[in-house]
Each structure stands twice: as C-alpha cells, then as structure tokens.
1. Just checking, which of Leu163, Leu84 is within 17 Å of Ala24 (Cβ to Cβ) and among the hydrophobic types (A, V, I, L, M, F, W, C)?
2. Give the residues of the range 120-179 that are free of Cβ contacts under 8 Å to residues at least 40 places away in the same chain and part of a helix (DSSP H, G or I), sorted by residue number.
3. Could you grab the pairs with beta carbons closer than 7 Å, sequence gap of 6+ or different chains, first residue in the range 102-118 and surrounded by fewer than 21 Cβ atoms within 10 Å (Cβ to Cβ), second one assigned to a loop (DSSP other than H, G, I, E, B) and of a type in the set (Lys, Arg)?
4. Any residue at all in the range 103-113 that's touching a Pro at 6+ places or on another chain (Cβ under 9 Å) and not in a strand (DSSP E or B)?
5. For Gly70, only one of the following conditions fails: (1) under 11 Å from Val21 (Cβ atoms); (2) out of contact with any helix residue (DSSP H, G or I) (no Cβ under 7 Å at 6 or more places or on another chain). What is its number?
6. For residues in the range 210-265 being within 24 Å of the chain's Cα centre (by Cα) and among the hydroxyl-bearing types (Ser, Thr, Tyr), which is nearest to Lys287 (Cα to Cα)?
7. Here are the criteria: (1) under 23 Å from Ala158 (Cα atoms); (2) free of Cβ contacts under 8 Å to residues at least 12 places away in the same chain; (3) charged (D, E, K, R). Tell me which single one Glu225 does not satisfy.
8. Return yes when Val192 is surrounded by 19 or more Cβ atoms within 10 Å (Cβ to Cβ) and touching an Asp or Glu at 6+ places or on another chain (Cβ under 7 Å) and no when it is not.
Amino acid sequence: MSTPTTGPDGLEGRDPRTVAVLGAGTMGSGIAVVMARALHRTILFDVDEANLQRGLDTVHGFFDKSVERGKLTAPLAAAAKASLVGTTDLADLAASDVVVEAVYEDLALKKELFGALDDLVPDTTLFHTNTSTLSVTGIASGSRLPERVVGTHYCNPAPLMKLVEVADGRHTASWARAATIDFLESLGKTTVVTKDRPGFIVNRFLIPWENSCIRALESGLGTKESIDAAVLGALGHPMGPFRLLDIVGMDIHQQVATRLYEQLRDPRFFPPPMVERMVAAGDLGRKTGRGFYDYDDTRLFGS
C-alpha cells in the first residue's frame, strides 16, 4: 500500500497511482496537470520529442502561474512538478494503474495504442479514452480486454473545469465504470454518465453554440469583446466563447466540428468559413500567440 499524501487544493491522495497520459497536446497536457496536481506519479507520453517537451513545459508553466497567482504554494507546486515525467517509449508505461488516452482523434491510432499497451501493462490497468467524437466501443475493440475501457471526456481546459463525462463502451464492465468514477472523484472532478454517442452531452451543445458565436462575429452582430462580455455577463459562463476557442485551438475545433457533422449531418455542426481562414493563417489561438485575441504568454492556461 502506498503512503497517503495530501495533494494541492486539499485533495487527499489516499492511494497514489501511476497514471500514463497519452498525447502531449492541449488536452493531454491539461490532463497531466490534473494528475500531477493530485500527486499521482504522472507519465506524459508522446511519439514526438518536440511535442512532448512542449507538453511538459505547459504543465510546468501552469504550476508556475498558479504560484504567481497565489493559488498554489511553492512546495506543493514543486511536488506536483516532481511527480511528472515524460517519455517517447511505450515500455516506460508498464507500471501504469490508469492510462488516459488523449491523442489525435484517429480511431486506428487509438486502437493501435491500446492494443500495444495490452502486452505491457497489467490486466487490471484501467484504459480511459478522452475521445469526444469517436465511439468508445470502437476504440475499445483495439484491446483484448474491452471491458476495462471507459470513455472519460474532460471538459476543456481540463485543469480548470470540474466536469468529466463518463461513457461505457458496449463491453465496458461495471467494475471498470465504478473504479473510473471513484478515481475521477478523488481528483475533485464531477462526473456525468452519458451514452456512447457522437459528441456525448457537452459537445452536442457546445459545438453548435460556438459555431453560432463565430457566425455572429462574421455577420457583424458584435465584436469578439462584446460577444464574450455578453456571455460572461448574462449567461454566467466562466469564459467567453472566443477566449475558450483560443485555448481549445481553432484546428481542434475544426476537427471536432467536422467529425460531428460527418456523423450527424446536422448543419449546425459544420464549421463556419472563418474557422478555415484562421486555421489556414496559423491563427490557432493561444498556442500560436494569435487567435481571436493576441497573446504574449502562449502558455495554454496562462493569463
């Protein structure tokens, strides 16, 4: 039994785990923050060394910013950073208790990763997929033990948003779902159980709404500042749509919206022309220094 530890934000790490996060992009690095902040031994994996380093820098930058803002003490930030390592070698994930897959939305790639991990990790290891557009059942079919695969869609930005959607695949076992919910709640997350359907609950509502906000901007209904202010002031959202899209990344929004449109054939999901123009220009959001707004600080969760 591991020695109990108390994590940042008062979270009690009653049973520190080894958690592997696959993919060092926006979602992967955000999920790595969540795990390291709870003082789980966190292994961030990416096949590309440069992407991996960017992901590690993002996580470290989040903790540094948290100390600057007085949201985290320096000792706790140091402990969180010390719990994080990076690797490009799948073999380094062999001791994982939980694997969280957050790679590009490609079904074959996700299946391949879970299939490769089957031969490396114990049969008791939980496999979580952060997909928001693909079938959990389809992804789970890549594993010889599909009963241990659970959909866990973290809302973006993962370190700041409490909600995680939980979705069973066709063969997900009840013990895997229960263990997943228990683990997520130990991280301070709020869980919502949903069906294995394209977009789950959140993106079924969010993507058409974000597209509507973009179309409103395109049509001159308001400025990016006025639309963000209206959403904050009247709808009570913690962040305006354009600030959120700059964190998500316009390339990611385009991919998610297009995939959902292809599956649902609902025109509300089809990304507006402005999205294509911004992606073509490289104005992807905070990570590139310019999206709807300009940024001197390109850390994904910076100010």
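1. Only one candidate passes the filter, namely Leu84.
2. Scanning the range 120-179 gives Gly138, Ile139, Ala140, Pro146, Glu147, Arg148, Ser174, Trp175, Arg177, Ala178.
3. Matching pairs, first to second residue: Asp118/Arg144.
4. Within the range 103-113, not a single residue is touching a Pro at 6+ places or on another chain (Cβ under 9 Å) and not in a strand (DSSP E or B).
5. (1)
6. This residue is Thr258.
7. Single failed check for Glu225: (1).
8. no
Rule-based calculations on the coordinates, nothing more; no lab input. Predicted model only: the values in this text are computed from it and were never measured. Glycine also receives a Cβ, built like all others from the backbone with ideal geometry; neighbour counts cover every protein chain displayed.
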